[in-house]
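*Asks:* Provided herewith is a single structure, encoded as structure tokens, for subsequent inquiry.
Bear in mind that the values in this text are calculations on the coordinates, not laboratory data. Worth saying up front: this structure is predicted, and the values here are computed from it rather than measured. Cβ placement follows ideal geometry from the backbone for every residue including glycine, while neighbour counts extend to all protein chains displayed.
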């Protein structure tokens, strides 16, 4: 290929990459703006609808009270004067005044794994610390902490009891307390109360929450209560982009096997008017989950990711409103069971809870996900049982996978070796058919040569194609595997994040602010692997040369750009996979497929008719059609 041609193609590739990068940035800005605007509209609509519902409930409740007092008849409309006259009667049903309630206090429940701090102001979670993990900077790992950010968490119950009551606005009284449980109550003037109780089990990340309405005068036209749950999740990992990419929100509809995801790596919102089992705010390695043991009846939720340079070092702001229908048939206390999960996204740990929480872990689609769940994870767990360094575990997993796929890839490796041996013969064919109009004859002669030698045109490509599902499964597994989190190997201090041997101090387009050595070594190994593979490919025409240029040079550069910000464990696996493949290819070419055997087969099949493949038959048919068209054009 001429130098000018190479330079031209390189410039085209650079321009295309630059344009795609610029275009993606512009599209992302437009998408974010659209999402924000839609979220704003949805929020306004929600507030307006909820305000109207509350006003309607209040008006109806006041009307019912006036009817009961004999002030009006059911057919009459309520006037402002009648409401003003009856105002003292309404005031008698108000809650205990805030000044009469005890001051807010913090209560801590904890076990071996989890420390949950509750506040009597609103009887709600105040902080959740996962005890056996730390942040990237080795500080305590909180899923939320109102001590550091007063707005980090809100868990509010809203119900109309002759007036709208938001539990977050009132101080509850502690009725009972032990080391693992607490009961808090908000008393009403009529002797009724709202009760919130929390308990934490032994060696668990679950927190049980029981909500009770005891002796409350709930109007007959009030059919539900609302639960507002807001969480600001802080950043916990090394790389903001990687952490955001693998974070999401998910909910599970009652009876469904798979949860529904939204806000996966970008802002998002959802509105569902069906029975909801649970809602999860899923950071890359940890989750905050709220479940109703007998389902919520509707959900509105939104997630907004915080910019990387935000001073509070937060990741995403999450908010949800659940609607829960009241049990109108219940006599006496109305009791509703909820459950929180504050803990790690361990596949086996979440699966053991039996609520499909583990399906929030992004392990790939149906086929890739099955392979990851039933092959990759069991092998990984088995090797992990020997307490080996995780770098060694990845090496052993790579060897195991290569052994498993070797029977499928051996024929491809063998074909690639035969094609390398036959390269001089292919060059003779190219010299025999130099004209462009003889391209099909040259192709047929080359395929016949490979057929006689027992090689395949696709011999160099099939090994990569066979490995692709496995490579993709690993691409999903490593960044989502909490077992690799903060595990060091060689110069990488955390195999779940990128390794940075050079920090540039500023962002470089496509690369970022650092250089990952594992990603660089992976790209170099890919260069040599593709160079070895492509050296056996025939064709000196412009298309063949361009194909080799794209695979040998462009693809390794592209993979480096992609992997530079991803898990160093992933780049390390790709590096090992390429090295083992190169060693296998060298061994087969050196000791298994010998030139004398290939040429002996050629001599044995010389002059003998070979069965034609369907591909050869189609080529011949295409050649005949081309010749017919040329003859017709000549006659004209």
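*Asks:* With a cut-off of 18 Å, note down the residues of segment 310-352 whose backbone N falls inside the zone around a label point 7 Å from the Cα of residue 148 toward its beta carbon.
*Replies:* Label zone hits: 310-318, 342-345.
*Asks:* State, to one decimal in nm, how far the label point of residue 404 lies from the label point of residue 173, with both points 7 Å from Cα in the Cβ direction.
*Replies:* Inter-label distance under the simple model: 6.2 nm.
*Asks:* Subtract the Cα-Cα distance of residue 309 and residue 190 from 0.36 nm times their separation in residues, and report this length gain in nm to one decimal. Present the calculation step by step, with values, prior to reporting the outcome.
*Replies:* Numbers: separation 119, 0.36 × 119 = 42.84 nm, distance 5.13 nm.
Here the answer is 37.7 nm.
*Asks:* Also, quick follow-up: Assuming R0 = 35 Å, what is the FRET efficiency of residue 524 and residue 106, from their Cβ-Cβ distance, to the nearest 0.05?
*Replies:* 0.05
*Asks:* FRET efficiency for residue 264 and residue 220, Cβ-Cβ distance as r, R0 = 45 Å, nearest 0.05?
*Replies:* Result of the calculation: an efficiency of 0.60.
*Asks:* Show me, bin by bin at 10 Å from 0, the whole-percent P(r) of segment 302-459 based on Cα pairs.
*Replies:* For segment 302-459, the binned pair fractions read 8, 17, 17, 17, 15, 13, 8, 3, 2, 0 percent.
*Asks:* Please give the peptides 177-183, 267-273, 448-454 ranked by average Cβ packing (other Cβ atoms within 10 Å per residue), highest first, as a rough proxy for protection.
*Replies:* In decreasing order of mean packing, 177-183, 267-273, 448-454 become 448-454, 267-273, 177-183.
*Asks:* Given 0.36 nm per residue, what is the gain on full extension from residue 166 to residue 503 after removing their alpha carbon distance, in nm?
*Replies:* Extending this stretch completely gives an extra 116.4 nm.
*Asks:* Starting from the Cα-Cα distance between residue 208 and residue 274, subtract it from 0.36 nm times their residue separation and give me the gain in nm to one decimal.
*Replies:* 21.4 nm
*Asks:* With a 10 Å Cβ neighbour count serving as the proxy for reagent exposure, in which order, fewest first, do 169, 499 appear?
*Replies:* Starting with the residue having the fewest Cβ neighbours, the order is 169, 499.
*Asks:* If you don't mind, there's one more thing I want to ask. Say each of residue 392 and residue 604 gets a label point 7 Å from the Cα, pointing the same way as Cα to Cβ; how far apart are those two points in nm?
*Replies:* With each label placed 7 Å out from Cα toward Cβ, I get 4.7 nm.
*Asks:* Further question on the same structure: Take the alpha carbon atoms of segment 94-195, find their radius of gyration, then divide it by 2.2 N^0.38 Å using N residues; give the quotient.
*Replies:* Values: Rg = 15.5 Å, N = 102, 2.2 N^0.38 = 12.8 Å.
For segment 94-195, the normalised Cα radius of gyration is 1.21.
*Asks:* Determine, from the Cβ-Cβ distance of residue 423 and residue 374 and an R0 of 56 Å, the FRET efficiency 1/(1 + (r/R0)^6), rounded to the nearest 0.05.
*Replies:* 0.85
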